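Please read the structure below before turning to the comments.
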Amino acid sequence: MQLADFEGYTSLVAMFLDRAAARADRTFLTSKEGATWKGRSWREVADQVCRMAEGLRALGLNDGDRVMLVSENRPEWCIADLAIMAAGLVTVPTYITNTERDHLHILENSGARAVIVSSAKLARPLLPAILRSDRAEHVIGIEPLRQAQAGTVRFHDWANVLAGDTAAARAAVEERAAGMRREDLACIIYTSGTGGVPRGVMLHHGAILRNVAGAARVIAEDFGWGDEVFLSFLPLSHAYEHSGGQFLPIGLGAEIAYAEGLEKLASNIEEVRPTIMVVVPRLFEVLRTRIMRQVEKQGRVANLLMDRALALGEREAAGNRSLFDRPLNFVLDKTLRPKIQARFGGRMKAMVSGGAPLNPEIGVFFDSMGLTLLQGYGQTEAGPVVSCNRPAAGIRMDTVGPPLSGVDVKIAEDGEILVRGELVMHGYWRNEEETSRVLKRDLADPDGPPWLHTGDIGHFDEAGRIMITDRKKDMIVNDKGDNVAPQKIEGMLTLQPEIAQAMVTGDRRPYIVGLIVPDSEWAVAWAQAQGEKFDMAALQGLPAFRSAVRAAVDRVNADVSVIEKVRQFAFADEPFGIENEEMTPSLKIRRHKIRERYGARLDALYKA
């Protein structure tokens with residue numbers, strides 16, 4: 001297998017079929033069934049993909065039709081995704097945490113004619129949306145679904161759609177794949193827009209293939225290409241896991257094992273012994289805390305070694321490592337580090353962090369433990385990976401590394417990071433206005449490919465690594481890499497009679513918190529009804545007043561997804577206004593000013 005192979009593939013389907021033919025009876029997909037990990041071979045999965053593809057075509061689906069996929073990470077997710085593409089259709093992955101309203105928007109916007117859902121549990125918020133929509137005609141349950149009154153929607157069992165002649169199905173898929181092109185649409189991945197309405201990012205086969213080729217080069221040149229094992233943990237509906245946790249291992253001919261969930265992740269890592277993991281910063285923070293607590297219980301010697309290892313790591317990150325550190329490094333390699341590495345399976349080549357900014361201290365910690373941690377950068381609109389730290393270029397934890405091969409990056413005059421290349425999306429599905437806002441051609445090269453305006457501010461360091469310093473956009477990216485549009489939540493909060501103004505935040509944090517200005521008229525009425533004197537500052541100190549505002553927040557929380565819920569809130573001292581520089585003349589809140597004033601108060605909400 002050569003890196004050049006990736007340039008010759010005309011589609012993700014062609015890449016998969018080629019790898020399946022080469023790997024044949026080697027294990028491809030693994031999942032836990034009871035207490036045992038059970039695997040499926042490349043040949044077995046390829047046969048299922050081909051039969052499922054023809055089963056979808058037999059339902060009457062035609063080239064370019066969209067198929068919505070709602071499932072947790074499992075082998076069937078990969079099979080369904082590949083089968084949809086192999087049928088000449090377009091995958092529309094959605095989050096399992098989506099509300100009925102989220103599902104309805106995606107169904108209506110994408111025009112999906114069919115939906116694949118894994119279980120009755122995930123079907124509960126989905127089926128009402130399907131029945132309210134006039135789009136979907138077919139629902140396929142990976143597990144049996146209890147069918148309610150279906151109307152015009154037809155329900156199918158996974159096994160029935162999967163049934164069929166393998167040889168005929170494979171021949172049909174191979175013929176269809178021969179006519180696919182890299183520029184053909186592969187999937188539409190929905191990501192939140194600044195107005196809160198999810199936008200469908202159109203990713204073509206070439207965009208993801210370009211990501212795979214660039215990431216494979218990093219692995220081949222910096223770590224050596226072997227029999228890789230990936231542990232899939234992040235949602236496959238996220239572009240980062242979709243490209244990095246599914247199609248990259250397919251391109252490498254690797255095995256993919258599906259984790260059972262966060263609560264069992266540590267044991268799954270030790271059982272699967274992955275060589276590569278695609279993760280988000282929050283996971284590293286959890287694992288770091290867990291490791292530190294375990295070492296603290298092991299006595300003075302273990303704690304001393306940990307302190308020395310961290311001090312050594314900080315010196316190395318600062319470029320101050322000396323010959324006198326060699327003996328200490330030798331001792332750590334024989335004592336502490338093997339024990340830590342064993343908790344990660346003992347053969348981890350690299351853990352790649354993306355989806356949200358990584359605290360450099362976390363990177364230094366894992367590097368000190370002898371575990372290679374790489375921070376990447378990108379966004380869904382770029383397939384999604386733009387750059388990644390790599391040992392060959394020298395790892396700096398405050399950078400996101402150099403651009404991947406085949407990716408052009410430049411810095412605009414205002415500092416915005418611009419990206420160009422095959423990895424850039426074709427645009428937002430049925431949203432020309434937003435597409436033209438972020439995809440712009442160079443005036444000096446009007447016929448050339450457009451530049452993706454990322455909304456991020458940064459620069460290159462002396463070694464050509466990208467350093468991100470700020471974001472032009474207001475989008476919140478939580479510590480798990482999920483995008484949350486603050487305007488949407490703020491708008492819903494201020495629709496409540498109790499709330500006049502609100503600002504939510506949660507960047508790099510585990511959940512959303514808010515700063516709230518109560519509505520003065522409502523507060524006056526509440527005070528009168530309670531027999532209290534109206535004094536806003538005094539009222540905010542009353543538990544009953546806070547509970548009344550809490551009820552308003554909870555009403556909003558009931559109608560948003562899990563990641564959008566406002567878990568804690570604080571009161572502002574006064575309304576946001578032009579006079580206190582907390583609003584613009586056009587009455588938009590100035591987030592940086594509000595954060596400057598209330599930052600400590602908002603930070604305290606994460607300690608409550």
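How high is the FRET efficiency between T36 and R508 when r is their beta carbon distance and R₀ equals 35 Å, given to the nearest 0.05?
0.40
Restricting to the stretch 5-180, what percent of DSSP beta bridges are antiparallel, rounded to 5?
Here the share of antiparallel DSSP bridges comes out near 25 percent.
Could you work out the local net charge near R273, counting Lys and Arg as +1, Asp and Glu as -1, over the other residues with Cβ closer than 12 Å to its Cβ?
Overall, the nearby charge balance is -2.
From the list (1) -0.24, -0.62, -1.46; (2) -0.24, -0.59, -1.32; (3) -0.27, -0.65, -1.51, can you say which value of log10 I(q)/I(0) by the Debye sum over Cα atoms at q = 0.05, 0.08, 0.13 Å⁻¹ was derived from the structure given?
(1)
Test of the criteria: in the stretch 352-436, which GluC sites (Glu not before Pro) are in a DSSP loop and have at most 10 other Cβ atoms within 10 angstrom of their Cβ?
Sites meeting the loop and neighbour criteria: E413.
Among DSSP beta bridges lying fully in the chain, give the percent that are antiparallel, nearest 5.
55 percent
How high is the FRET efficiency from S405 to M467, r the C-beta distance, R0 25 Å, rounded to 0.05?
About 0.80, to the nearest 0.05.
Where Lys and Arg each count +1 and Asp and Glu each count -1, what net charge lies around V407 among other residues with Cβ under 10 Å from its Cβ?
Neighbour charge sum, excluding V407 itself: 0.
Round to the nearest 0.05 the FRET efficiency obtained for E271 and D25 when R0 = 30 Å and r is the Cβ-Cβ distance.
Plugging the Cβ-Cβ distance into 1/(1 + (r/R0)^6) gives 0.85.
Taking 0.36 nm per residue of separation and subtracting the Cα-Cα distance, what length does fully extending A318 through E432 add?
Full extension of this stretch gives 36.4 nm more.
Grab the Cα-Cα distance for R101 and A570, subtract it from 0.36 nm times how many residues apart they are, and report the gain in nm with one decimal.
Taking R101 through A570 to full extension adds about 166.0 nm, to one decimal.
List the trypsin sites (Lys or Arg not before Pro) within the stretch 392-463 that fall in a DSSP loop (any state other than H, G, I, E or B) and whose Cβ has at most 16 other Cβ atoms within 10 Å.
R430, R441
Are any of the pairs K121/K488; K38/K334; K38/K297; K410/K480; K121/K297 more than 29 Å apart by Cα-Cα distance, and if so, which?
Pairs exceeding the cut-off: K38/K334; K38/K297; K121/K297.
Using DSSP to define loop residues, name the trypsin sites (Lys or Arg not before Pro) in the stretch 529-608 whose beta-carbon has at most 13 other beta-carbon atoms within 10 Å.
K533, K588, K607
Show me the ranking of peptides 161-174, 212-225 by mean Cβ neighbours inside 10 Å, starting with the highest.
Ranking the peptides 161-174, 212-225 by packing returns 212-225, 161-174.
Which value, in debye to the nearest 20, gives the size of the charge dipole of the chain about its Cα centre, when Lys and Arg are +1 and Asp and Glu are -1 at the Cβ?
About 1600 debye.
Taking every DSSP beta bridge with both residues inside the stretch 451-608, roughly what % is antiparallel (nearest 5)?
Here the share of antiparallel DSSP bridges comes out near 75 percent.
Report the full-extension gain for the segment D474 to R441: residue separation times 0.36 nm, less the Cα-Cα distance, to one decimal in nm.
Difference between extended and current length: 9.5 nm.
For E296 paired with D134, estimate the spin-label separation in nm (one decimal), with each label point 7 Å from Cα along the Cα-to-Cβ line.
Here the answer is 6.1 nm between the modelled labels.
Determine the calculated [θ] at 222 nm for the chain from helices alone, applying -39500 (n - 2.57) to every DSSP H run no shorter than 4 residues and normalising by the residue count; nearest 500 deg cm²/dmol.
Mean residue ellipticity at 222 nm (helix-derived): -12000 deg cm²/dmol.
Take Y606 and H592, extend 7 Å from each Cα along the Cα→Cβ direction, and tell me the distance between the two endpoints in nm.
With each label point 7 Å from Cα toward Cβ, the separation is 2.0 nm.
Taken together, the values in this text are just the output of simple stated rules run on the coordinates, not laboratory data. Being a predicted model, the structure only gives us computed values, none of them experimental. A quick note on method: Cβ atoms are made from the backbone with ideal geometry, for glycine too, and the neighbour counts reach across all protein chains shown.
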